[in-house]
Amino acid sequence: MTHGIELCDANFQAARLEGEEPHLIRIAGSGADASFPGFALHDGGDYVFGQPAEAAWFVQPRKVVHTFWSKLNHDSSTLVVPPRSPSYSEVAYYFLRNFTTRLAQTAPGATRMALAVPGVYLRDQTTEEEKIGLLLGMASDLKLPLAGVVDMATAALCDPRGPRFNPARPVLVLDLHLHTAELSLVVSAEKLERRAFLHFPQSGLLELLKHLTATMANRFLRQTSFDVMEDGRLEQEFYNQTKAFLTSDDPDFRYTLNTTKRGYEMAVKREQLVSDSQAFAENLVQMLLKFTQNHGLSPGLCAVALTERSIWLRQLESRLRAVGFVRFIRLPHGAAAAGAAMIAARLKVPSDLSEVPVLKSHASELSRNRMTQRWEVHLHRGRRSGQPAPRPTHALLDGLGRALAGRSRFSIGVQGLAADLPLPDDFNHATDCSLALQHEGQGWWFTDPSPTESGVSPRIEIESGDRLQFRCGEHTAEILFAHCPPAAVNGTG
């Protein structure tokens, strides 16, 4: 059996491969909401992990730690455990041991496994050596059948349950962890590959939830004259309810708190939660915009992939649309775990863990949800009156023209390939649809890309009135070549 594990401290998840389809695994003892966040509690006797540890955060704050996966180093943690405080990596090891033990109880018999890790673990060589070295040590001690360590963003795009996407477009994968946000630039040509990465510290779900909890608590105080912050248990319950509201689809929510003397309630609407998280969402939008600008990308030509955690910010997509992003991929629950399982199925478990591959790119066929469709193009000659047709000066598509002058080549293709004349969105299924006209002498030449028996494709000089007809499935587009005298172009004739 093949397993994939998503090492996201907001919620550890696992998937198994059944045939060629991944299925998420509900971990034994993961709580009513099936979540397993990166929290650890030491109650003086033993460790408690996941949702039960998170539920004790405000009640016993000094006994709970939640930064060990984001730090993952040998520094001493904030836990006080006699005779010495454990390091962050030790707490992470205990957590992983607990999680994989529960995983084996739920889905025993794993013979192959891949870990999908946060992008920051693979940020640079120094970081990778430290973080991955620690993970390999844990896997060795726990005797995990580890076949690979993979980048979380690229793994998520290998989940066949996800929506289809156009590989001609760069994909920006936005994810939220407990303490950070991560943005990965993924391209899909011969390989599905992470080309760039950005790490946003202090922009994670805990920062958002602490802000929302405090804001809602102030609103609760104004309405009920009761301060939830005075009692750790009530503050914990209030935090739990805020998280439940954030992660739900409910338009309305009712906070309910009961003391020994009386009960308190407050009704809120989704619009209030959206308003309270507006600054957090806007910060992500601006960082994403800056990232695209720094890498020479146009928002309109990119696709933004939102993980289940970033989708919790309901206004994020609309804010991104407002600044020019128009294409979105909503990744399913546990996408990185499912993708990691798909990747692991193609890997072998090495006898020496030092030989376990660390992957930021994968074979394109692993992402079965890439859109692919055949395309073709044909040249249709214009009507001839017996006189030589003038050489074309413009190429027109749907009434809009592009000048040919001053170029040595003129490309026509699907959006996302930096074509001089982009084809309509209907052609985005045609992954490699791109054609370049060459300027030689005084004319423009078309080379038919269709294969011929001789292996030699004909070259034809294009004249005014000629049309190039592109076809992809049921969709067609015609490029008309026209000669526009300078006076007509300048509007003087």
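Can you tell me which residue in the range 126-170 is nearest to Pro424 (Cα to Cα), limited to those that are in a strand (DSSP E or B) and among the aliphatic types (A, V, I, L, M)?
So the residue we want is Val150.
Take Ala341 and decide whether it is under 30 Å from Pro22 (Cα atoms), open to solvent by less than 10 Å² (accessible area, probe 1.4 Å) and in contact with a Ser or Thr (Cβ under 6 Å, 6 or more places away or on another chain).
yes
Which of the residues spanning the range 174-187 are among the aliphatic types (A, V, I, L, M) and either assigned to a loop (DSSP other than H, G, I, E, B) or in contact with a Leu (Cβ under 7 Å, 6 or more places away or on another chain) (or both)?
Passing the criteria: Leu174, Leu176, Leu178, Ala181, Leu183, Leu185, Val186.
In the range 249-271, what count of residues is obtained for those that are surrounded by 15 or more Cβ atoms within 10 Å (Cβ to Cβ), in contact (Cβ under 8 Å) with a residue 24 or more places away in the chain and either under 38 Å from the mean Cα position of the chain (by Cα) or in a loop (DSSP other than H, G, I, E, B) (or both)?
Of the residues in the range 249-271, 5 are surrounded by 15 or more Cβ atoms within 10 Å (Cβ to Cβ), in contact (Cβ under 8 Å) with a residue 24 or more places away in the chain and either under 38 Å from the mean Cα position of the chain (by Cα) or in a loop (DSSP other than H, G, I, E, B) (or both).
Name the residue, out of Leu221, Leu212, that is closer than 30 Å to Thr260 by Cβ, open to solvent by less than 30 Å² (accessible area, probe 1.4 Å) and in a helix (DSSP H, G or I).
Only one candidate qualifies: Leu212.
What is the one condition in (1) at pLDDT 85 or above; (2) open to solvent by 40 Å² or more (accessible area, probe 1.4 Å) that Pro392 does not satisfy?
(2)
Of all residues in the range 407-417, which are in a strand (DSSP E or B) and either at pLDDT below 75 or farther than 16 Å from Ala168 by Cβ (or both)?
Arg409, Phe410
In the range 36-51, which residues are surrounded by fewer than 21 Cβ atoms within 10 Å (Cβ to Cβ) and either in contact with a Ser or Thr (Cβ under 9 Å, 6 or more places away or on another chain) or β-branched (Val, Ile, Thr) (or both)?
Val48, Gln51
With the requirement that a residue be open to solvent by 10 Å² or more (accessible area, probe 1.4 Å), touching a helix residue (DSSP H, G or I) at 6+ places or on another chain (Cβ under 7 Å), assigned to a helix (DSSP H, G or I) and under 22 Å from Ala168 (Cβ atoms), what does the range 290-332 give you?
Pro299
Test each condition in (1) at pLDDT 95 or above; (2) over 28 Å from the mean Cα position of the chain (by Cα); (3) farther than 12 Å from Gln236 by Cβ for Val64 and report the one that comes out false.
Among (1) at pLDDT 95 or above; (2) over 28 Å from the mean Cα position of the chain (by Cα); (3) farther than 12 Å from Gln236 by Cβ, Val64 violates only (3).
So, in the range 272-292, exactly how many residues are over 13 Å from Phe325 (Cβ atoms) and free of Cβ contacts under 8 Å to residues at least 24 places away in the same chain?
Within the range 272-292, residues that are over 13 Å from Phe325 (Cβ atoms) and free of Cβ contacts under 8 Å to residues at least 24 places away in the same chain number 3.
What about Gly29, is it in contact (Cβ under 8 Å) with a residue 60 or more places away in the chain, on the phi > 0 side of the Ramachandran plot and in a loop (DSSP other than H, G, I, E, B)?
Judged against the criteria, Gly29 is a match.
Can you tell me which residues in the range 57-66 are buried (at least 19 other Cβ atoms within 10 Å of the Cβ) and assigned to a loop (DSSP other than H, G, I, E, B)?
Passing the criteria: Trp57, Phe58, His66.
Given the conditions (1) within 27 Å of the chain's Cα centre (by Cα); (2) of a type in the set (S, T, N, Q); (3) in a helix (DSSP H, G or I), which single one is not true for Asn73?
Of everything listed in (1) within 27 Å of the chain's Cα centre (by Cα); (2) of a type in the set (S, T, N, Q); (3) in a helix (DSSP H, G or I), Asn73 misses just condition (3).
Taking Pro201 as the residue in question, decide whether it is surrounded by fewer than 18 Cβ atoms within 10 Å (Cβ to Cβ), modelled with pLDDT under 95 and closer than 24 Å to Lys290 by Cβ.
Judged against the criteria, Pro201 is a match.
Could you please let me know if Ser89 is among the hydroxyl-bearing types (Ser, Thr, Tyr) and assigned to a loop (DSSP other than H, G, I, E, B)?
no
Could you say which residue among Glu54, Glu18 is open to solvent by less than 60 Å² (accessible area, probe 1.4 Å) and free of Cβ contacts under 8 Å to residues at least 40 places away in the same chain?
The match here is Glu54.
Restricting attention to the range 32-45, which residues are farther than 15 Å from Ala14 by Cβ and either under 29 Å from the mean Cα position of the chain (by Cα) or at pLDDT 90 or above (or both)?
Ala32, Asp33, Phe39, Ala40, Leu41, His42
The values are calculated or read from the model by the stated rules, or taken from the named source; none is laboratory data. Quantities reported herein were computed from a predicted structural model and do not represent experimental measurements. Here Cβ is always computed from backbone atoms with ideal geometry, including for glycine, and neighbour counts include all displayed protein chains. Just so you know, the surface numbers come from the protein's heavy atoms only, side chains and all, with ligands and any DNA or RNA stripped out. Shrake-Rupley method; radii C 1.70, N 1.55, O 1.52, S 1.80 Å.
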